[in-house]
Amino acid sequence: MNLCFSRLTQVEDKYCYRIHCQPVCLLSILGSLMSPSRLPLPTSVMIVEDDAVTRRSLSLAIESEPSLKLVAAFDSVKPALAWLETQAVDILLTDLGLPDGSGIEIILACSRRYPNCASMVITISADAKDVLACIEAGASGYVLKDAGRLDIVRALLDLRAGGAPISPAIARMVLARVRDGKKSLPAAAEKHEV
C-alpha cells in the first residue's frame, strides 16, 4: 500500500494528515500499531526460593521489568511441582537448597513437561558438582546470589533471548574444569594404548 501524506489539518481538535485525500488521525494509526494484539506478551517467570527476603527481592526485580511477568513464587519443591502440573512458564528461576528437596528436581520436571521453558539457577553454591548437575538436568543459566537486581533481570532477559547467563566465578570454574579435563585426556589415552 503506497500512502501519500499531504498537509497537516485539524479535525475535531486532532491533528491529522490527509492520506489519499481521506483525513486520518495519526493517533489512530499509532494506536492500531501499538494495540495489545500487536505487542509481544511478557515472558512469564516462576521463582522457587525458600528465603522470604530473597524471594521478595527477586519478585520486585522481575516486576520492575515490563517484558517480564511474575506468575508464581514458591518457597519449596512440592508446591512448585504441583503448580507445574497445570501451568506452563517461560522461565524457571530456582534455588538449589530448598527445605523439601533440591531445585534440580524442579528443573528436571520443568524440562520434561515444558521443553521450551528456560531454567536458571540462583544460588550461593559454587560447587562444581552442583553446577554440572544443574546443567545436566536442563538449566541454561547459573547465577550466584551476590548478583544485583539489575544483573538478575539482565540474566533473565538474556536467557529468554537464547543466552546462557553464568556468573563470572562459575564460568571461570567451568573453564578450568574443561581445561583440566583436556590435560588428563592425553594421559588417559596413553594408558589405554599400552
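Data for the structure
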quantity: Residue that is touching a residue at least 12 places away in the same chain (Cβ under 8 Å), farther than 16 Å from residue 49 by Cα, surrounded by fewer than 16 Cβ atoms within 10 Å (Cβ to Cβ) and among the small types (Gly, Ala, Ser), where the choices are 161, 118, 128; calculated: 128
quantity: Unique match (being hydrophobic (A, V, I, L, M, F, W, C), surrounded by 14 or more Cβ atoms within 10 Å (Cβ to Cβ) and either at pLDDT 95 or above or in a loop (DSSP other than H, G, I, E, B) (or both)) among 135, 107; calculated: 107
quantity: Qualifying residue in region 175-182 (condition: at pLDDT below 95 and in contact with an Asp or Glu (Cβ under 9 Å, 6 or more places away or on another chain)); calculated: no
quantity: Exclusive hit being at pLDDT 95 or above, part of a strand (DSSP E or B), among the hydrophobic types (A, V, I, L, M, F, W, C) and surrounded by 11 or more Cβ atoms within 10 Å (Cβ to Cβ), set 24, 45; calculated: 45
quantity: Positions within region 55-103 being hydroxyl-bearing (Ser, Thr, Tyr), under 17 Å from the mean Cα position of the chain (by Cα) and either farther than 20 Å from residue 165 by Cα or surrounded by fewer than 20 Cβ atoms within 10 Å (Cβ to Cβ) (or both), in sequence order; calculated: 57, 59, 64, 67
quantity: Number of the exception - residue 78 against (1) in contact with a strand residue (DSSP E or B) (Cβ under 6 Å, 6 or more places away or on another chain); (2) at pLDDT 95 or above; calculated: (1)
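The values are calculated or read from the model by the stated rules, or taken from the named source; none is laboratory data. Given the structure is predicted, the values throughout are model-derived calculations rather than measurements. We place every Cβ from the backbone using ideal geometry, glycine too, and count neighbours over all the protein chains shown.
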